[in-house]
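Structure first, then comments.
The values are calculated or read from the model by the stated rules, or taken from the named source; none is laboratory data. Please read these numbers as outputs of a predicted model, since none were measured by experiment. All Cβ positions, glycine included, derive from the backbone under ideal geometry; neighbour counts span all protein chains shown. Protein only, heavy atoms only, side chains kept; ligands, DNA and RNA dropped before computing areas. Shrake-Rupley method; radii C 1.70, N 1.55, O 1.52, S 1.80 Å.
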Amino acid sequence: MSSHPVLPVLDHLARVIGATTPRQDTAPTPCTGLDVASLRRHLLGGIGYFTIVLADPDGDRRPDPRAYTGPDGPEVLVAAIRELAAAVRAALADGIETASVRVPALGGTFPGDRVLSMLVAEAVVHGWDIARATGQEWQPDPAASERAHALLADRIEPEYRGGAGMPFAPEVPVSQDAPALDRLLGFAGRSPHWTPTPVTEGG
């Protein structure tokens with residue numbers, strides 16, 4: 001069975017999510033407008049969507065990934081990540097990398113390898129968001145960051161950035177000789193130097 005760079009990233013993401021605490025739920029993240037709990041819900045919608053897509057590449061069952069309303073605790077997200085990793089392994093065994101996969105939420109039908117790269121980008125960037133917000137380490141394989149950067153550079157048009165409701169913030173300038181993760185983060189609209197605001201007690 002084939003392996004893929006997304007699998008260690010998902011494993012790392014599960015560890016980071018599992019190490020968060022309830023007190024950190026209201027901590028802001030580098031993902032504009034989302035605290036830790038809100039970003040977990042965002043991830044639950046996206047991870048559930050990718051799990052369905054990879055299990056049934058040409059199927060019609062495609063829920064809205066933005067409409068997740070179920071339980072959203074860290075343990076729920078960790079279980080969802082483990083389920084997705086199992087779906088990735090099964091899909092790889094079935095040759096998903098050369099198959100056509102329907103992903104209407106992301107714009108159409110794509111080669112399976114491209115869909116897996118979309119998942120790498122989602123996991124690497126949002127894994128960093130959560131890790132940075134909660135004071136954890138996040139050092140994915142540079143090859144995963146390079147793959148994610150290449151995918152986003154091919155997909156993100158200027159009109160997708162900066163405005164109300166746009167999926168990406170303006171690009172943050174980062175040196176071309178910076179580490180692969182920093183260059184990815186800058187392209188995704190994050191400052192690699194972002195630091196969290198301490199959570200205050202009381203009100």
Completion exercise
Per the 1/(1 + (r/R0)^6) rule, R0 = 25 Å and r from the Cβ atoms of Arg61 and Asp141, FRET efficiency to 0.05 is 0.20
Exercise for the section: Determine the gain in length on full extension of the stretch Ser3-Val76; use 0.36 nm per residue of separation and subtract their C-alpha separation, reporting nm with one decimal. Expected result: 23.8 nm
Handout entry: Highest-MSF residue in the chain out of Arg155, Arg66, Arg41 [GNM, Cα springs under 10 Å]
Key = Arg155
Problem - Phi to ³J(HN,Hα) by Karplus 6.51 cos²θ - 1.76 cosθ + 1.60 over segment 76-91, Hz, x for Gly, Pro - result: 5, 5, 4, 4, 5, 5, 4, 5, 5, 4, 5, 5, 4, 4, 5, 5
Handout entry: Size of charge dipole - the chain - debye, nearest 20, with Cβ of Lys, Arg +1 and Asp, Glu -1, no other charges
Key = 200 debye
Problem - Cα-centre dipole for segment 30-100 with unit charges at Cβ (Lys and Arg positive, Asp and Glu negative), debye to 20 - result: 180 debye
Exercise for the section: Subtract the Cα-Cα distance of Thr69 and Ala150 from 0.36 nm times their separation in residues, and report this length gain in nm to one decimal. Expected result: 26.0 nm
Practice task
Starting from the Cα of Arg23, step 7 Å along the direction of its Cβ; do the same at Glu157; then give the gap between the two resulting points in nm.
Solution key: 4.7 nm
Practice task
Pick out which of Asp35, Asp64, Asp113 has the largest mean-square fluctuation in a Gaussian network model of the chain, springs linking Cα atoms closer than 10 Å.
Solution key: Asp64
Handout entry: Accessible area of His42 in the full protein assembly, 1.4 Å probe (Å², nearest 10)
Key = 80 Å²
Handout entry: Most fluctuating residue given options Asp94, Asp129, Asp72, as computed from a GNM of the chain linking Cα atoms under 10 Å
Key = Asp94
Completion exercise
With label points set 7 Å from each Cα along the Cα-to-Cβ direction at His193 and Arg114, the distance between them in nm comes to 3.7 nm
Problem - Most to least packed among 115-124, 100-109, 186-195 [average Cβ atoms within 10 Å] - result: 115-124, 186-195, 100-109
Problem - Karplus 3J(HN,Hα) series, Hz, for segment 58-64 with 6.51 cos²θ - 1.76 cosθ + 1.60 (x for Gly, Pro) - result: 10, x, 9, 7, 9, x, 6
Practice task
Apply the Karplus parameterisation 6.51 cos²θ - 1.76 cosθ + 1.60, with θ equal to phi minus 60°, to every residue of segment 22-35 and state each ³J(HN,Hα) to the nearest whole Hz, in sequence, with x for glycine and proline.
Solution key: x, 5, 7, 4, 8, 5, x, 10, x, 7, 3, x, 10, 8
Practice task
Just the number, please: carbon plus sulfur as a percent of the accessible area of segment 67-195, 1.4 Å probe, no ligands or DNA/RNA counted.
Solution key: 53 percent
Completion exercise
Computed, not fitted: 222 nm per-residue ellipticity of the chain from DSSP H runs ≥ 4 (each -39500 (n - 2.57)), nearest 500, equal to -16000 deg cm²/dmol
Exercise for the section: Express the accessible area of the chain per residue in Å², computed with a 1.4 Å probe while the remaining protein chains stay in the model. Expected result: 49 Å²
Handout entry: Built amide H within the under 5 Å cut-off of Phe168, gap 5+
Key = Gly162
Exercise for the section: Give, in nm to one decimal, the length gained when the segment between Ala99 and Val172 is fully stretched (0.36 nm per residue of separation minus the Cα-Cα distance). Expected result: 22.8 nm
Fill in the blank from the handout: Read-out Cα extents along the principal axes in Å, candidates (1) 139, 59, 42; (2) 80, 47, 27; (3) 51, 39, 32; calculated match is (3)
Exercise for the section: Report the one residue of Val36, Ala85, Gly112 whose Cα lies farthest in the direction of the positive end of the charge dipole of segment 1-130 (charges on C-beta: Lys and Arg +1, Asp and Glu -1; origin at the Cα centre). Expected result: Val36
Practice task
Would you grab the residues whose amide H sits under 5 Å from the one on Val101? Only those 5+ places off in sequence or on another chain, please, with H modelled 1.01 Å from N.
Solution key: Phe110, Gly112
Exercise for the section: Taking amide H positions as placed in the peptide plane 1.01 Å from N, state which residues far from Leu34 in sequence (5 or more) or on other chains have amide H under 5 Å from it. Expected result: Thr29
